[in-house]
Amino acid sequence: MSDYSAVSEFDQYIINKRPAEKTDDKFFKAIKIVVGVLSLLLLLELVLYKFVQPSVRPPRVVFSGLASYTAEELTEAILPLCRGNYFSFDSAAVASRLTSLSGIESVEIEKRFPDRVYAKVREREGVAMTFVSDGGKTVSVQIDKNCVLFEGGSLGFDSSIPIVSGIPVEFLSGGMRIPAKYRTLIEQISRIRALPQKYFAAISEICVLPKKYGNYELMIIPVNSRARVLTDRALNEDALQYMMVALEVVNSIAPDATEIDLRYGSVSYRTPHGGSGE
C-alpha cells in the first residue's frame, strides 16, 4: 500500500468521526440546560418556602427583657395587632400598646425578614410600694423612680424597697403618677436605694403626714424598735444615720419610748405613761 493510500484512509476516518462529536456536544448541552432549569426551579422553590410564604403569615414576636411579665401575657395583649403579615405589621402601634401596660416603661421593636419581630422590653423597677383602692379593695402597687404607679410583678423579699403610706391616691389607672408634691420623697428614696448600704432594711414603713397648709412630714417606723420617729421631709443618708443614732440613745435611756421627735433640730421622746424627755 502506498503512502498516498494510507493518508487518504486516515482523512476519511476523521471525516467520518466528526458528526458523532457534534452529536455528543448537543447531548451535553441539553443535559446542562436541563440541570440549569431544575436548579433554577429548586432555587425558586427554596425562596418560596423560605421567604415568601413566611412573610405572608402573621409574624412571630420574640420578647426579651422580661422579668415580671410572661411572653404569653404580652402576646395576648398585642394579638389584635398581629393578625396581618410581616409587611402590614405596625411596629409603632404594637410598641404603644405594650407601653400602655402599667408595668412596662419602654419597648424597642426590630423587624427581621421574613417573619420575625423582636421586642426588647424594659419593665418598670419599683423603688417603693404603697396601697391604693382598686375595685373596692386595697391592693399593693409599686412606684418607680419616675413616680409612676404600676401593678404587675412580684417584689418578693427585697428589704431595699420600703413601704410608703399616706400618699393620697384614691384609685389606680395605667401610667398614673403620684401627686407632684410627693415626688421629691420618691426621688430621695431612689437615691438612698442606690447607696451600697441597705438603710431601708431597718425601716418597716414610711408614713406621710400631711400638714395643715399643704406641706407634709414623715413618720418612720423602724423594724426593731417600738418607737416611731417623727422627722421632717428631708430624707437622705445623713438624716437616716442621725435617726439610727437617736434610736440607739433613746432606747438606752427609755426602752419603753413610743415616739421620738427629730424635728426642730433637737431630739425628744414620749413614753406610754405620758413621760417625755430630751
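The values are calculated or read from the model by the stated rules, or taken from the named source; none is laboratory data. Computed from a predicted model, the values in this text were never measured in an experiment. We place every Cβ from the backbone using ideal geometry, glycine too, and count neighbours over all the protein chains shown. Ligands, DNA and RNA are stripped out before the accessible areas are found, and what is left, the full protein with its side chains, is counted by its heavy atoms. Shrake-Rupley method; radii C 1.70, N 1.55, O 1.52, S 1.80 Å.
Residues in the stretch 142-151: is at least one basic (Lys, Arg) and either touching a residue at least 12 places away in the same chain (Cβ under 8 Å) or buried (at least 17 other Cβ atoms within 10 Å of the Cβ) (or both)?
Just the residues of the stretch 142-151 that are basic (Lys, Arg), to begin with: 145.
Next, only the ones that are either touching a residue at least 12 places away in the same chain (Cβ under 8 Å) or buried (at least 17 other Cβ atoms within 10 Å of the Cβ) (or both) stay: 145.
Yes, there is a match, as at least one residue in the stretch 142-151 is basic (Lys, Arg) and either touching a residue at least 12 places away in the same chain (Cβ under 8 Å) or buried (at least 17 other Cβ atoms within 10 Å of the Cβ) (or both).
To keep it simple, each residue is scored yes or no on (1) at pLDDT 90 or above; (2) open to solvent by 60 Å² or more (accessible area, probe 1.4 Å).
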{"position": "LYS26", "(1), (2)": "no, yes"}
{"position": "PHE51", "(1), (2)": "no, yes"}
{"position": "LEU81", "(1), (2)": "yes, yes"}
{"position": "PHE87", "(1), (2)": "no, yes"}
{"position": "LEU98", "(1), (2)": "yes, no"}
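Could you run through the stretch 170-216 and say how many residues are in a helix (DSSP H, G or I) and free of Cβ contacts under 8 Å to residues at least 60 places away in the same chain?
Total meeting the criteria: 15.
Just wondering, is there one or more residues in the stretch 224-231 that are closer than 29 Å to THR70 by Cβ and touching a strand residue (DSSP E or B) at 6+ places or on another chain (Cβ under 7 Å)?
no
Say we look at the stretch 100-131 and pick out the residues that are under 26 Å from LYS198 (Cβ atoms), more than 10 Å from the chain's Cα centre (by Cα) and not aromatic (Phe, Trp, Tyr); which of these is surrounded by the fewest Cβ atoms within 10 Å (Cβ to Cβ)?
MET129
Could you tell me whether TYR269 is aromatic (Phe, Trp, Tyr) and part of a strand (DSSP E or B)?
Taking the combined requirement at face value, the residue satisfies it.
Checking the condition part of a helix (DSSP H, G or I), surrounded by 12 or more Cβ atoms within 10 Å (Cβ to Cβ) and of a type in the set (A, V, I, L, M), which residue from ALA239, ALA257 passes?
ALA239
Tally time: how many residues in the stretch 242-254 are of a type in the set (A, V, I, L, M), crowded, with 17+ Cβ neighbours inside 10 Å and not in a loop (DSSP other than H, G, I, E, B)?
Adding up the residues that qualify gives 4.
Filter the stretch 145-169 down to the residues that are closer than 26 Å to GLU73 by Cβ, at pLDDT 80 or above and assigned to a loop (DSSP other than H, G, I, E, B) and list them by number.
LYS145, ASN146, CYS147, GLU151, ILE161, VAL169
Return the residues of the stretch 208-235 that are loosely packed, with under 12 Cβ neighbours inside 10 Å and polar (S, T, N, Q); say none if nothing qualifies. Before you say what the answer is, go through the steps one by one.
Residues of the stretch 208-235 loosely packed, with under 12 Cβ neighbours inside 10 Å: 211-215, 223-224, 234.
Matches in the stretch 208-235: ASN215, ASN224.
What is the number of the single condition among (1) surrounded by fewer than 17 Cβ atoms within 10 Å (Cβ to Cβ); (2) farther than 30 Å from GLU125 by Cβ; (3) in contact (Cβ under 8 Å) with a residue 40 or more places away in the chain that TYR269 does not meet?
Condition not satisfied by TYR269: (1).
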